[in-house]
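Notes follow once the structure below has been shown.
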Amino acid sequence: MAKVVCVLYDDPIDGFPQSYARDDLPKIDRYPGGQTLPTPKAIDFQPGTLLGSVSGELGLRKYLESLGHTLVVTSDKDGADSVLERELHDAEIVISQPFWPAYLTAERIAKAPKLKLALTAGIGSDHVDLQAAIDSGVTVAEVTYCNSISVAEHVVMMILGLVRNYIPSHQWVVKGGWNIADCVTRSYDVEGMHVGTVAAGRIGLAVLRRLKPFDMHLHYYDRHRLPAEIERELNLHWHPTVEDMVKVCDVVTLNCPLHPETEHMINEPMLKLFKRGAYLVNTARGKLCDRDAIARALEAGQLAGYAGDVWFPQPAPKDHPWRAMPHHGMTPHISGTSLSAQTRYAAGVREILECWFEKRPIRDEYLIVDGGRLAGAGAHSYSAGNATGGSEEAAKFRKAG
Ligand code: NDP
C-alpha cells in the first residue's frame with residue numbers, strides 16, 4: 001500500500017467555508033483545441049468547493065483510504081523540521097500545488113527512496129528538480145490545461161488593471177476620497193497599444209485571443225511558430241527573439257514555463273530594451289524575472305507597472321521587495337486556483353491516481369518526466385535541469401510569523 005503525502009495551502013483564516021458565493025459552475029466539456037477535461041471514474045467532492053486547502057484534501061481521502069493507502073495532508077512544507085521533510089522517507093507519491101509548492105529538491109528526492117510519482121495539482125512542475133527526477137526515475141505529472149484559461153483571464157484583468165490604474169483608484173474610494181486627478185494621472189486606454197506574449201502556448205494564445213477585441217496590436221515570441229491560419233486570424237506578429245519583441249511593446253506578458261533556459265530571462269539588460277513606461281505582467285513564474293531588477297525598473301520609471309501572482313520562493317518572505325515596490329499589482333499565487341480551476345485539477349489528480357494504481361497509462365499530455373527522461377508535455381515545453389535553487393528561502397515566511 002502506498003503512502004501519499006499531499007501538500008496544500010492553509011485553510012481560510014476564518015475557517016473552512018460553510019457556504020459559497022455561487023451555487024454552480026458553468027458546464028465545460030472540452031478545452032479550446034479539443035482536449036477533454038479530466039475523466040476520472042468518480043469524484044468524491046462537490047464541484048465549486050474549496051478543495052485546494054488542507055481541509056479540502058483535493059477530495060482524495062475517501063478514494064485513497066478505500067484502497068488501503070495512507071494519505072497525509074499538510075501545509076507544513078519548508079525547512080528541515082517540516083512535516084513534509086519528516087514524511088518523505090517512505091512516501092511513494094507527493095502531490096502539491098504550484099501555489100504552495102512542495103519544493104522537491106535533489107536533497108529531498110534523495111531522502112525519499114520510495115518516491116515514484118511527483119504529482120502537480122495544477123500546471124508547472126518547476127518546483128521539482130526535474131534533473132533529479134530524471135536521474136532517480138521519478139515520474140512527474142501535472143494536470144495540463146486545467147487552469148490555463150483561468151490564468152489567461154487573470155492576465156487580461158491585470159493588464160487592464162495596470163494600464164487603467166484600477167487598484168490605486170479603488171484605494172482612493174476606500175480611503176474616503178474623490179481624487180480623480182490622483183487616479184487618472186497614470187491611467188491610459190489599452191486600445192491601439194502593442195502587447196506581446198513570451199510564449200504562445202495554452203495561456204499565451206488564450207491571452208492574445210482575449211485581447212483581440214480590445215483592438216490592441218498582438219505580438220508573440222515562441223520557439224515554435226503558431227499555424228499560419230492562427231497568425232492570420234488574429235493578425236499576429238511573430239518575433240524571432242524576446243529582445244526583438246519587447247522593444248516594440250507597450251505591454252509584455254510572460255507565459256512560458258520556468259526551466260533552465262528561461263530562468264531570469266527578464267534581467268537588467270533585457271529591461272533596458274523595453275520601451276520606457278512599458279507594463280509587465282507575469283503570471284508564469286517569479287523566477288523568470290530578476291527580482292531586484294524589476295523593483296529597480298519600477299523605481300526608475302523604466303516600467304510603468306508590474307503585476308502578477310507568481311513569486312520566488314513561495315510563499316514570499318515578508319521582506320520580499322515585490323511586496324513594497326511602486327506601481328505593482330501583485331497578488332499571492334491565485335490565478336490558477338479559482339474554485340472553477342480547483343474542480344478541474346482535483347478531478348485531474350484523481351484521474352492520474354486512478355491510472356497509477358490501476359497500472360493504466362497516464363495521458364501523454366499530463367507527463368513531464370517519465371522513464372528517466374522528459375516526456376509528454378514536458379518534452380515539448382521544458383528543458384532538463386533544475387530551477388529549484390534558492391527555494392529554501394521559503395522557510396523564512398513562517399519563521400517571520
Ligand atoms: P503550455 O505548455 O501550453 O505553454 C508553454 C509555452 O511556453 C509553449 O508554447 C512553449 O513553447 C513555450 N516555451 C517553453 N520554453 C520557452 C522558451 N525558452 N522561450 C519561449 N517560449 C517557451 O503551458 P500553459 O500555457 O498552460 O502554461 C504556461 C506556464 O504558465 C506554466 O508552465 C506555468 O509555469 C504557468 N502557469 C501559472 C499558473 C498560475 O496559477 N499563475 C497556472 C498555470 C500555469 P514550445 O512548446 O513551442 O517550445
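The values are calculated or read from the model by the stated rules, or taken from the named source; none is laboratory data. Just so we're clear, the structure is a prediction, and the values are computed from it rather than from any experiment. Neighbour counts run over all protein chains shown; Cβ positions are idealised from the backbone, glycine included. Keep in mind that these areas ignore ligands, DNA and RNA; they rest on the heavy atoms of the full protein, side chains included. Shrake-Rupley method; radii C 1.70, N 1.55, O 1.52, S 1.80 Å.
Residues in region 256-272 that are open to solvent by less than 40 Å² (accessible area, probe 1.4 Å) and within 7 Å of the ligand (Cβ to nearest atom): 256, 257, 258, 259, 262. Contact map, region 216-227: residues that are within 18 Å of residue 382 (Cα to Cα) and in contact (Cβ under 8 Å) with a residue 40 or more places away in the chain paired with residues that are near the ligand (Cβ under 9 Å from one of its atoms) and hydroxyl-bearing (Ser, Thr, Tyr), Cβ distance under 9 Å, separation 6+ or inter-chain. No pairs are found.
From the list 340, 335, the lone residue that is touching a His at 6+ places or on another chain (Cβ under 7 Å), over 17 Å from residue 292 (Cα atoms) and within 13 Å of the ligand (Cβ to nearest atom) is 335.
Of all the residues that make up region 37-78, how many are part of a loop (DSSP other than H, G, I, E, B) and of a type in the set (Ser, Thr, Tyr)? Before you say what the answer is, go through the steps one by one.
So the first thing to find is which residues in region 37-78 are part of a loop (DSSP other than H, G, I, E, B), and the list is 37-52, 54-56, 60, 67-69, 75-78.
If we keep only those that are of a type in the set (Ser, Thr, Tyr) too, we end up with 39, 49, 55, 75.
Summing the residues that are part of a loop (DSSP other than H, G, I, E, B) and of a type in the set (Ser, Thr, Tyr) in region 37-78 gives 4.
Any idea which of (1) aliphatic (A, V, I, L, M); (2) more than 13 Å from residue 6 (Cα to Cα); (3) touching a residue at least 60 places away in the same chain (Cβ under 8 Å) is the one residue 91 doesn't satisfy? So residue 91 meets the others, but not (2). Does at least one position in region 181-202 carry a residue that is without any contact (Cβ under 8 Å) to a residue 12 or more places away in the chain and hydrophobic (A, V, I, L, M, F, W, C)? Yes - at least one qualifying residue is present in region 181-202. Within region 90-121, the set of residues being within 19 Å of residue 64 (Cβ to Cβ) and not aliphatic (A, V, I, L, M) comprises 90, 92, 96, 97, 114, 116, 120.
Looking at region 312-320, is at least one residue aromatic (Phe, Trp, Tyr), open to solvent by 10 Å² or more (accessible area, probe 1.4 Å), within 14 Å of the ligand (Cβ to nearest atom) and modelled with pLDDT of 95 or more? The answer is yes, given that some residue of region 312-320 is aromatic (Phe, Trp, Tyr), open to solvent by 10 Å² or more (accessible area, probe 1.4 Å), within 14 Å of the ligand (Cβ to nearest atom) and modelled with pLDDT of 95 or more.
Residue-by-condition table, conditions (1) in contact with a strand residue (DSSP E or B) (Cβ under 9 Å, 6 or more places away or on another chain); (2) at negative phi; (3) β-branched (Val, Ile, Thr):
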residue: 192; (1), (2), (3): yes, no, no
residue: 251; (1), (2), (3): yes, yes, yes
residue: 256; (1), (2), (3): yes, yes, no
residue: 274; (1), (2), (3): yes, yes, no
residue: 281; (1), (2), (3): yes, yes, yes
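Scanning region 83-105 for residues being open to solvent by 20 Å² or more (accessible area, probe 1.4 Å) and assigned to a helix (DSSP H, G or I) gives a total of 6.
Looking at 88, 115, 104, can you tell me which residue is among the aliphatic types (A, V, I, L, M), modelled with pLDDT of 95 or more and closer than 28 Å to residue 339 by Cα? Before you say what the answer is, go through the steps one by one.
Details: 88 fails: closer than 28 Å to residue 339 by Cα; 115 fails: closer than 28 Å to residue 339 by Cα.
From the options 88, 115, 104, the qualifying one is 104.
The condition (being in contact with a helix residue (DSSP H, G or I) (Cβ under 8 Å, 6 or more places away or on another chain) and more than 16 Å from the ligand (Cβ to nearest atom)) is satisfied by just one residue among 301, 385, 372, 376: 372.
Would it be correct to say that residue 228 is buried (at least 21 other Cβ atoms within 10 Å of the Cβ) and either more than 13 Å from the ligand (Cβ to nearest atom) or at pLDDT 95 or above (or both)? The answer is no for residue 228.
When residue 352 is tested against (1) under 20 Å from residue 102 (Cβ atoms); (2) assigned to a loop (DSSP other than H, G, I, E, B), only condition (2) is not met.
In summary, helices (runs of 4 or more DSSP H) completely within region 106-217 and bearing 1 or more residues that are within 16 Å of the ligand (Cβ to nearest atom) and crowded, with 24+ Cβ neighbours inside 10 Å occur at 130-136, 148-163, 202-211. Of all residues in region 360-371, none satisfies being under 20 Å from the mean Cα position of the chain (by Cα) and among the small types (Gly, Ala, Ser). Scanning region 240-254 for residues that are free of Cβ contacts under 8 Å to residues at least 24 places away in the same chain and outside any helix (DSSP H, G or I) turns up 240, 241.
Taking every residue in region 1-26 that is closer than 19 Å to residue 83 by Cβ and pairing it with any residue that is in a loop (DSSP other than H, G, I, E, B) and among the basic types (Lys, Arg), at least 6 positions away or on another chain, the pairs with Cβ-Cβ distances below 8 Å are 3/114; 7/77. Being within 14 Å of the ligand (Cβ to nearest atom), within 30 Å of residue 2 (Cβ to Cβ), of a type in the set (Lys, Arg) and crowded, with 18+ Cβ neighbours inside 10 Å is a property that residue 285 has.
If you check 293, 341, 304, 375, which single one turns out to be touching a Leu at 6+ places or on another chain (Cβ under 9 Å), modelled with pLDDT of 95 or more and open to solvent by less than 10 Å² (accessible area, probe 1.4 Å)?
Numbers: 341 fails: touching a Leu at 6+ places or on another chain (Cβ under 9 Å); 304 fails: open to solvent by less than 10 Å² (accessible area, probe 1.4 Å); 375 fails: open to solvent by less than 10 Å² (accessible area, probe 1.4 Å).
It is 293.
More than 25 Å from residue 152 (Cα to Cα) and touching a residue at least 60 places away in the same chain (Cβ under 8 Å), is that true of residue 318? First the steps, then the outcome.
Details: more than 25 Å from residue 152 (Cα to Cα): yes; touching a residue at least 60 places away in the same chain (Cβ under 8 Å): yes.
So residue 318 passes the test.
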